[in-house]
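Okay, structure first, notes after.
Readers should treat all values here as calculations from the given coordinates under stated rules, not as data from a laboratory. None of the values given here were measured: they were computed from a predicted structure. Neighbour counts run over all protein chains shown; Cβ positions are idealised from the backbone, glycine included.
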């Protein structure tokens, strides 16, 4: 299965924020949109980085609550690993597991077209496994 199929099911809406916005704006946006990551883009919508729940946690632990007023751009993960819509779900899951992160921006022809989370990928894999198991049961029962 390809990443493009995951995006087709879940949609390609992505919460974005400018790097000059306060971390608190990012946190409130993530809570409002019920997502665990925000893409940090410049005024021309060019990706600068990604800011995740883990970034928030690390910043709070290191600097205290006052850090929430700092610009997102100071604490985002720069140059995040990205995938293509044509990448396989298995390869993206492997990259996420190897590098210990849970969100990956998806690009197509140099343009960001969505973001996938490990939850999206695992849920899809479980649904697919259940479907295949049911098909196998139906095949065996029909024999």
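Here are a few things to note about the model shown:
- Number of positions in segment 81-101 that are closer than 18 Å to residue 57 by Cα and crowded, with 16+ Cβ neighbours inside 10 Å: 1
- Residue 71, sole failed condition from (1) surrounded by fewer than 16 Cβ atoms within 10 Å (Cβ to Cβ); (2) in contact with a strand residue (DSSP E or B) (Cβ under 9 Å, 6 or more places away or on another chain); (3) farther than 14 Å from residue 14 by Cβ: (1)
- Where helices (runs of 4 or more DSSP H) sit wholly within segment 20-133, those with at least 3 residues that are touching a residue at least 40 places away in the same chain (Cβ under 8 Å) and either over 24 Å from residue 4 (Cβ atoms) or within 14 Å of the chain's Cα centre (by Cα) (or both) occupy 23-33.
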